[in-house]
1. Which of the following residues is exposed (fewer than 13 other Cβ atoms within 10 Å of the Cβ), at pLDDT below 95 and of a type outside the set (V, I, T): E68, E127, E81, E144?
2. So for the range 102-109 (the condition being of a type outside the set (A, V, I, L, M, F, W, C), surrounded by 15 or more Cβ atoms within 10 Å (Cβ to Cβ) and out of contact with any Pro (no Cβ under 9 Å at 6 or more places or on another chain)), does at least one residue qualify?
3. I need the full set of residues from the range 20-40 which are in a helix (DSSP H, G or I) and within 14 Å of the ligand (Cβ to nearest atom), in order please.
4. Within the group T118, T94, T75, which residue is polar (S, T, N, Q) and touching a helix residue (DSSP H, G or I) at 6+ places or on another chain (Cβ under 7 Å)?
5. Based on what the data block shows, is G43 among the small types (G, A, S), under 12 Å from the mean Cα position of the chain (by Cα) and closer than 22 Å to V17 by Cβ?
6. Scan the range 59-82 residue by residue and report those that are within 16 Å of Y42 (Cα to Cα) and of a type in the set (G, A, S).
7. Just a yes or no: is a residue in the range 92-101 within 19 Å of D143 (Cβ to Cβ) and buried (at least 21 other Cβ atoms within 10 Å of the Cβ)?
8. Looking only at residues that are within 12 Å of the ligand (Cβ to nearest atom) and buried (at least 19 other Cβ atoms within 10 Å of the Cβ) in the range 48-62, which one is farthest from the chain's Cα centre (by Cα)?
Amino acid sequence: MTSPAPFVVRPAGTADVRRIHELLEPFVQKRILLGKDLVVLYGSVQQFVVAEADGVVIGCGALHVMWEDLGEIRTLIVHDEWLHHGVGRAIVETLEERARALGVSRLFCLTFEVDFFTRRGFAEIGEQVVDPDVYSQLVRSPDEGVAEFLDLAHVKPNTLGNTRMLKHL
Ligand SMILES: CC(=O)SCCNC(=O)CCNC(=O)[C@H](O)C(C)(C)COP(=O)(O)OP(=O)(O)OC[C@H]1O[C@@H](n2cnc3c(N)ncnc32)[C@H](O)[C@@H]1OP(=O)(O)O
């Protein structure tokens, strides 16, 4: 293990949004992450944290709250040149702190990076983890990520091959 690399994780600002979009695009092309237009990213900027080194944004991640006790980690990306330096871990830990502060006690993620999330305490889930009442409310959401969480038929093509994971905070 190398010595800790000099980066910080901080809340994202509007000036980071184009860079977040740039980090995201290659993974949208590869169908690894859900695409987000700039207008959607600006609208959800408060959900994001970014990792920064020498004034350059090298990673990002977002916390989306879905229900009273339930949140989702979204758009977690670390730039190629910074992989395996603990940046992803630091972003997830920051998002978990945010989640706890908000009262969220369960964190969902939909991912191909199963090993990474398993090491962070997430475990694979098979079926619905919300009760029917909450399900009937969540299904009213226009948010595509919520539809993915519910495993609705119309988003199945987006989620193919991904693993549904959950962590109790
Ligand atoms: C919910 C979603 O958003 S799902 C989408 C997830 N993102 C993607 O699929 C996009 C592509 N993937 C990525 O961007 C990255 O691979 C990520 C975000 C998954 C992980 O980012 P990284 O910064 O490489 O993660 P990080 O370095 O914290 O951990 C990876 C491994 O690197 C190693 N590592 C961590 N710190 C160090 C260090 N200082 N020195 C050497 N190795 C290290 C560890 O082996 C670690 O494994 P661990 O999980 O046992 O701790």
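The values are calculated or read from the model by the stated rules, or taken from the named source; none is laboratory data. Quick caveat: nothing in here was measured; it's all calculated off a predicted structure. Cβ sites come from the backbone with ideal geometry, for glycine too, and all protein chains shown count toward neighbours.
1. Only one candidate qualifies: E127.
2. Here is the first cut: in the range 102-109, the residues of a type outside the set (A, V, I, L, M, F, W, C) are 103, 105-106.
Then keep just the ones that are surrounded by 15 or more Cβ atoms within 10 Å (Cβ to Cβ); that gives 106.
Checking which are out of contact with any Pro (no Cβ under 9 Å at 6 or more places or on another chain) leaves us with 106.
Yes, the range 102-109 contains at least one residue that is of a type outside the set (A, V, I, L, M, F, W, C), surrounded by 15 or more Cβ atoms within 10 Å (Cβ to Cβ) and out of contact with any Pro (no Cβ under 9 Å at 6 or more places or on another chain).
3. I20, E22, L23, L24, E25, P26, F27, V28, Q29
4. It is T75.
5. On the way: among the small types (G, A, S): yes; under 12 Å from the mean Cα position of the chain (by Cα): no; closer than 22 Å to V17 by Cβ: yes.
No; evaluated as a whole, the condition is false for this residue.
6. Within the range 59-82, G61, A62 qualify.
7. Restricting attention to the range 92-101, the residues satisfying the condition of being within 19 Å of D143 (Cβ to Cβ) are 95, 98-99.
This time we only want the ones that are buried (at least 21 other Cβ atoms within 10 Å of the Cβ), so: 95, 99.
Yes: one or more hits.
8. I58
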